[in-house]
Amino acid sequence: MKTKWKVLIGVLVLLFIAAGVVASVTYSRRGVVTVQTGKVLREDLTAVVTASGEIKPRNYINLGAEFAGQLTKILVKEGDIVRKGTLVAQIDETQSVADVEAQRAALNSAEADASASEAGYKAGDDNIAVLQATLNRTKADTERYQEDYKRGQELYKQGLIAKQDFEQRKAAYDGQIAAVAEAESRIVQAKAQLAQLKAQMAGAQKKIAQNQANLNRYDDILKKHNVIAPLDGLVTNLPVRQGETVVPGVQSSAGSTIMTIADMSIVTAEVSVDESDIVNIKLDQRAEITVDAIPNRTFTGHVLEIGHTAILRSTGLAASQSNTSSQEAKDFKVVIAMDNPPDEIRPGLSCSAKITTATRKNVLSIPMQSLTVRTKGDLDTRPNKPINPDPATVKANKEELTGVFVIAGNKAKFVKVDQGITGSTDVEVLDGLKEGDQIITGPYQAIRTIKQDAVTKIDNRPPQQKPTTSSSSSNN
């Protein structure tokens, strides 16, 4: 009996010792955080901005109707290549042709009237010259009659001639004076008629100018019945058919688009870049473009244009033209020129672009998911922190710091990190870490909640190698 009791007591003692050890280990592991770690490495980083949009030609023109009427001819079909200046469609021109002919007849009539007025003016000018010559001759004769009259007057006083002879000389002189007055009056009258003819000629010439302007107007209207290709390009859209009636666009109405001609010599990918990324986009940055309709192929290009107007993502309108909240997400238009567009490319195809905004060679980098944010107050682990700190301290404790947790011994230490460019999965480190530092990289919940100086346990095994707890094990 004594031996049996001794064995039982020994077993109980061993059980108490084992329970104590287990309790001690459990207590010592209380607050331990299991983490995954990685090291700060040197590598090449590339910052990329991804955006989506559609394929568009760099230059395209929607040809609309400039004159209302029936579409009598369509000389191209969708997909045709046209040259600048080519007639591509025609609108019924019967009325405009009649207007041009009528106006041309009116112009001819005005030119005939002007010619008649010019001839009359020239005749009137010539008549004045004749009348002036007649006046000059009459004045010369008047001087001769005046001398004859003066001689007759002397002779009559001396009694050398008869009174009848004297009176004849006087009558001839008086008649000549009257003839001069008559000639002068005719010249005045002729000049007045000439001024009238000049005014008529000027009016006829203005009528010619007016009719010429009207003819130019009607001729321009007639030309607008012909739809001419304004550039070399591809007919990408032909929404109307021959025989349909087209109308010119008016305010707040798009009008009738007869066709779209696109210059496919420069094909672009027009994408929408998020407002947070647009500051990193620069002209001539390289880009890789993928087109949904052309799978398994990647095309290169470069940034050709950067929009400066924010576009609301919900409506597609410029933010300055919308009354919606300014907090709504916005994009900016970026145009990327494709270096070697394929022959099968078409405007309107959906595409995605990856724009390389920066590259760094052999720089320190860390995984993006290792970054976290803490306030200064969160990092203060002093046991004797003031319970009621002053306002300046409260404000300072709210300052947010971005960094990572570094493994020091078996504890987590927060280190502020100055970041450079961001790659697809890694971030450039400018300051705060050195190559080879061991940092916490996961899991996400641990990085989000871990405290300064927390005790850590490193478990870098792949997920499939980690022990799992089976619900059936408790029944065994």
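Laboratory data are not the source of any read-out in this text; all were calculated from the coordinates shown. Note that the coordinates shown come from a computational prediction; the quantities given were computed from them, not determined experimentally. All Cβ positions, even for glycine, are placed from backbone atoms using ideal geometry, and neighbour counts span all protein chains on display.
Between 0 and 90 degrees, the angle of helix 2-28 with respect to the longest Cα principal axis of the chain falls at about 20 degrees.
Under 4 °C and 1.567 mPa s, how fast does the stretch 267-359 diffuse according to Stokes-Einstein, given a Kirkwood radius computed over C-alpha pairs? Answer in µm²/s, whole number. Show your work: numbers first, answer last.
Values: Rh = 14.1 Å.
This corresponds to a translational diffusion coefficient of 92 µm²/s.
Between the listed residues L371, P239, N136, the Cα displaced farthest toward the positive end of the dipole of the chain, a dipole computed from Cβ unit charges relative to the Cα centre, is found at L371.
Report the calculated FRET efficiency for V247 and T375 (r = Cβ-Cβ distance, R0 = 60 Å), to the nearest 0.05. Before the final figure, lay out the partial values.
Values: r = 66 Å, r/R0 = 1.10.
That gives a FRET efficiency of 0.35.
Note on K376: lysines with a C-alpha under 16 Å away, same-chain residues under 8 apart excluded, are K385, K395, K398, K413, K416, K451.
Quote the charge dipole size of the chain about the Cα centre in Debye, to the nearest 20; the model charges only the Cβ of Lys and Arg (+1) and of Asp and Glu (-1). Write down the numbers at each step before the final one.
On the way: 58 positive and 56 negative charges, 691 e Å.
With Lys and Arg at +1 and Asp and Glu at -1, about 3320 debye.
Of the labelled figures [x] 134; [y] 388; [z] 161, only one reflects volume of the Cα convex hull per residue in Å³ as derived from the coordinates, namely [y]. Set the Förster radius R0 to 51 Å, insert the Cβ-Cβ distance between K361 and L317 as r into 1/(1 + (r/R0)^6), and round the FRET efficiency to 0.05. It comes to 0.75.
Given charges of +1 on the Cβ of Lys and Arg and -1 on the Cβ of Asp and Glu, with all other atoms neutral, how large is the dipole of the stretch 267-359 about its Cα centre, in debye to the nearest 20?
Numbers: 8 positive and 13 negative charges, 15 e Å.
For the stretch 267-359, the charge dipole is close to 80 debye.
Each Lys and Arg contributes +1 and each Asp and Glu -1, all at the Cβ; summed about the Cα centre of the stretch 96-222, the dipole is approximately 540 debye.
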